[in-house]
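This report refers to the structure that appears directly beneath it.
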Amino acid sequence: MCGIVGYIGERDAMPILAKGLQRLEYRGYDSAGLAILSNGTLTTHKRAGKVADLLEHINGETIPGTLGIGHTRWATHGAPNDVNAHPHESFSRTISIIHNGIIENYSALKKELSKRGYKFRTETDTEILATLIEDIQKNTGAQLEEAVRLALNEVIGAYAIVVISDAEPDKIIAARKGSPLVIGIGEHEYFVASDASPIVEYTKNVVYMNDEEVATISRVDGLSIKTIRNQVKTPYIEELELNLEEIEKGGFEHFMLKEIYEQPTSIRDSMRGRLNARAGTVSLGGIKDYEKKLLNADRIIMVACGTSWHAAMVGEYLFEDLARVPVEVEYASEFRYRNPVLGENDVVIAISQSGETADTLAAVQLAKSRGATIFGICNVVGSSISRETHAGSFTHAGPEIGVASTKAFTAQLTLLTLMALRIGHKKGTIPESRYQTLLAELDRIPEKVKETLKTDEKVREIAETFSSVRNFLYLGRGYNFPVALEGALKLKEISYIHAEGYPAAEMKHGPIALIDDDMPVVVLATNQSAYDKIINNIHEVKARNARIIAIVSKGDTVISEMADYTIEIPATAEQLSPIVSVIPLQLMAYHMAVLRGCNVDQPRNLAKSVTVE
Ligand code: F6R
């Protein structure tokens, strides 16, 4: 959460920061600000609201200066207003800082600094850090880099920070622990950002910073990196795989819609080089070295949050069904704090689009410290979780910018299916013919998803009918139960309609009390194995006057007759059905949000990358 960007070079910093903030806005969008250092003078502008509000406030003025920092915020400490917006200045306003993370011991630090006579203007933890750096400089005469390093030794918590000072006008200091930071290296210029999106337009050479590293970028000496314990590190320069087109809307009205439509490609990309249906093989290079651990695991524990947790639930069905290994699915936030029993024969699979989710990262670190082997399924290359795991596979979904996760979810399901199939086949728990059939069907999934996208107009019409309701229920069984949860989450988060996902049969143990003609019910009814049971569940709902929207397999006549609205999707194997059946639910949430005038890509109170617990 929070996006940070910095620039030092020969061009005007302001347009680079403004564009960078727009690209990073998906990370947090309750206030924004920037500071430019020119001729030893710091000029700061900040505003509650979106980056557009900040730019309107600046009113087209270009603040001259070739060094600056910018921030887009998701509030943790202090309300989202002009004052609490970043950048923050130290007590005497000589130092300016942007920060993504939480300084957990900020109140102890504040008390100490207050005793020494410092006053504070904001409610943020970040301002404390700025003044702590100033205080260290005052007491020790240290240069900025050294003072930042010493200050970070006193800090408990997570941070990605960029610091500038009017006393050292040719330098940027950046540091990270727990929150991501990447440095772009151009010709006589450097960029620092929370992710590569503000950088890719200018250079493909990047250095991903590691935890507890402090980078000094100087116009004179270039880039150097030390740890906070003063050990010199050699920057490891990598080439970015990201393209500019991938982070632009490409003619779509919203990133979310673009990302929904990208799924035939992103699913195919996630299989590329891994699935060879003709040869009947699945190869996963990233897990090769630790595959034995998966084959011999007593138990698999999947940890994740939000949509990735729903993918993990589908993963549970897949691994138990195909690889016959017990699976537990855990909310990372619960797992990390409940002293879980873990051993050497346990395998943990951490699933995360961003690879930065604080709770998932902490769960990984805990499991690792207890001797478990950790696999990662992440979308962002270079992300913290992907670097913390022993092995793993990247979902090649491309950058996901809409805050509501769509293409990352289907890419995660693709990877989990490939893993479960490979492990099941190697263990001999799937009959050969079944294995070959599933591989062939998986290969057809991108086409089936493309076909499913043709339901868009019909889904929009249904959304029109229901856009003013206040509640929704989503029901599914078996593989479609996690999809019901995911459909409900999508609707809640972007259209602000209250929605619940339930296992269809569990409904009668409580939620059925809510059902009346004002409670539309979406039923995922593509399962072959529980078909009759789903029909019974639909009867139960219909008897209470609910209007039913059924997602059925093409050619279904029975459920179509019973439902008030039917969305037909291509039939597929039950194990693969979530990848297809989630598509109309994503479209439904999207259209509902548009019809209700909601901000689809940046829903209120949310942020894309949840780097605080
Ligand atoms: C929902 C959504 C969130 C994320 C969750 C985990 O649409 O995007 O629920 O799924 O915050 O994020 P990652 O996958 O980045 O760990």
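Using only helices, what value at 222 nm comes out for the chain when you add -39,500 (n - 2.57) per DSSP H run of length 4 or more and divide by the total residues, to the nearest 500 deg cm²/dmol? Walk me through the intermediate numbers first.
Details: 19 runs with 220 residues, N = 613.
That calculation yields -11000 deg cm²/dmol at 222 nm.
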With a ≥ b ≥ c from the Cα gyration tensor eigenvalues, square-rooted, and the rule rounded for a/c under 1.5, otherwise prolate when a/b > b/c and oblate otherwise, the range 36-159 is oblate
FRET E, pair N139, K427, Förster distance 60 Å, beta-carbon r, rounded to 0.05: 0.45
Potential extension, A513-Y496 segment - 0.36 nm per residue separation minus Cα distance: 3.9 nm
Computed over the chain: longest principal axis from alpha-carbon atoms vs helix 577-595 long axis, angle to nearest 10 degrees, is 60
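Quick one: net charge around Y337, please, counting Lys, Arg +1 and Asp, Glu -1 for every other residue with C-beta under 10 Å from its C-beta. Show your work: numbers first, answer last.
Numbers: positive: R336, R338; negative: E334, D359, E613.
Here the charged neighbours net out to -1.
Arrange the residues L514, L442 by how much accessible surface each exposes, largest first, with a 1.4 angstrom probe. Don't skip to the end; give the middle numbers.
Values: L514 100, L442 0 Å².
Putting L514, L442 in descending order of accessible area: L514, L442.
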Run the 1.4 Å probe and let me know the accessible area of I133, rounded to the nearest 10 Å². 0
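At most 14 other Cβ atoms within 10 Å and a DSSP loop assignment: could you name the trypsin sites (Lys or Arg not before Pro) in the range 183-230 that fit? Spell out each step's value before the answer.
Details: sites: K204, R219, K226, R229; in loops: K204, R219, R229.
When the trypsin sites (Lys or Arg not before Pro) of the range 183-230 are filtered for loop state and at most 14 Cβ neighbours within 10 Å, R229 remain.
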For W309, W74, what's the largest-to-smallest order of accessible area, 1.4 Å probe? W74, W309
Output row, site K292, 7 Å Cα→C-beta label point, backbone N cut-off 14 Å, window the range 328-348, residues 345
Percent antiparallel among DSSP beta bridges with both residues in the chain, to the nearest 5? 60
Give me the distance in nm between label points sitting 7 Å out from Cα along the Cα-to-Cβ direction at R93 and K204, one decimal. 4.5
Evaluate the distance, in nm, between pseudo-label points positioned 7 Å from the Cα of R299 and of N276 along their respective Cα→Cβ axes. 3.8
Cα to Cα, under 27 Å, and not fewer than 8 places away if on the same chain: which lysines meet these conditions relative to K542? K458, K490, K492, K508, K533, K554
For the chain, give the magnitude of the charge dipole about the Cα centre (Cβ charges: +1 Lys/Arg, -1 Asp/Glu; no others), in debye to the nearest 20. 800
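Could you work out the relative contact order of the range 262-360? I mean the mean sequence separation of Cα pairs under 8 Å and 6+ apart, divided by the number of residues, in percent. Working shown, then result.
Numbers: 109 pairs, mean separation 30.9, N = 99.
Taking the mean separation of contacting Cα pairs over the length of the range 262-360, I get 31 percent.
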Please list, in chain and number order, the residues 5+ apart from V214 or on another chain whose amide H is under 5 Å from its amide H, with Hs placed from the backbone. K226, T227, I228
Could you give the length gained by full extension between S468 and E253, i.e. 0.36 nm per residue of separation minus their alpha carbon distance, to one decimal place? 75.2 nm
Could you list which residues have their amide H under 5 Å from that of I349, counting only those 5 or more apart in sequence or on another chain, with H placed in the peptide plane? I301, M302, V303, F375
Here the range 98-107 yields Karplus 3J(HN,Hα) values (6.51, -1.76, 1.60; θ = phi - 60°; whole Hz; Gly and Pro given as x) of 10, 8, 10, x, 9, 8, 6, 9, 5, 6
Using a 1.4 Å probe and ignoring any ligands, DNA or RNA, find the accessible area of I247 and quote it in Å² to the nearest 10. 10
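Under a Cβ-Cβ cut-off of 12 Å, what is the net charge of the residues other than E241 that fall near it, where Lys and Arg count +1 and Asp and Glu count -1? Mind dumping the intermediate values first?
Numbers: positive: K204; negative: E238, E239, E246, D269.
In short, -3.
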Hey, what do the phi angles of the range 110-123 turn into as Karplus ³J(HN,Hα) couplings, whole Hz, using 6.51/-1.76/1.60 and θ = phi - 60°, x for Gly and Pro? 5, 4, 4, 5, 5, 4, 8, x, 6, 10, 10, 9, 10, 9
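Over the range 194-264, give the accessible area per residue in Å² for a 1.4 Å probe, as an integer. Before the final figure, lay out each step's value.
Working: 3570 Å² over 71 residues.
For the range 194-264, the solvent-accessible area averages 50 Å² per residue.
For the chain, what relative contact order do you get, as a whole percent, if you take Cα pairs closer than 8 Å and at least 6 residues apart?
Values: 1408 pairs, mean separation 71.6, N = 613.
Computed value for the chain: 12 percent relative contact order.
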With everything on Cα atoms, drop me the angle between helix 407-427 and the longest principal axis of the chain, reported from 0 to 90° to the nearest 10. 60
To the nearest 10 square angstrom, how much accessible area does S354 have with a 1.4 angstrom probe? 10
So, R0 is 22 Å and r is the distance between the beta-carbons of E320 and E613; what FRET efficiency does that work out to, to 0.05? 0.15
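Over the chain, what percent of the accessible surface lies on carbon and sulfur atoms, probe 1.4 Å? Kindly include the intermediate steps, with their values, before the conclusion.
Details: 10920 of 22920 Å².
After summing per-atom areas, the C and S share lands at 48 percent.
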For the pairs K19/K407; K115/K138; K110/K608; K258/K608; K249/K450; K46/K119, note any where the Cα-Cα span goes beyond 22 Å. K19/K407; K110/K608
Non-local amide H neighbours of L67 (under 5 Å, H modeled in plane, Pro and chain starts lacking H): which ones? A13, L37
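Give the accessible surface of the range 484-613 per residue, rounded to a whole number of Å², with probe radius 1.4 Å and ligands, DNA and RNA excluded. Walk me through the numbers on the way to the answer.
Values: 4720 Å² over 130 residues.
Per residue, the range 484-613 has 36 Å² of solvent-accessible surface.
Within the set of other residues whose C-beta is less than 15 Å from the C-beta of G186, count the net charge using Lys and Arg as +1 and Asp and Glu as -1.
Working: positive: R11, K19, K204, R219; negative: E10, D12, E187, E189, E201, E238, E239.
Net of charged neighbours comes to -3.
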Tilt of helix 144-153 relative to the longest C-alpha principal axis of the chain, in degrees (0 to 90, nearest 10)? 50
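The values are calculated or read from the model by the stated rules, or taken from the named source; none is laboratory data. Owing to the predicted nature of the structure, the values given are computational and were not obtained by experimental measurement. Ideal geometry is used to build each Cβ from the backbone, glycine not excepted, and the neighbour counts take in all protein chains shown. Quick note on the areas: whole protein, heavy atoms, side chains included, nothing else; ligands and nucleic acids left out. Shrake-Rupley method; radii C 1.70, N 1.55, O 1.52, S 1.80 Å.
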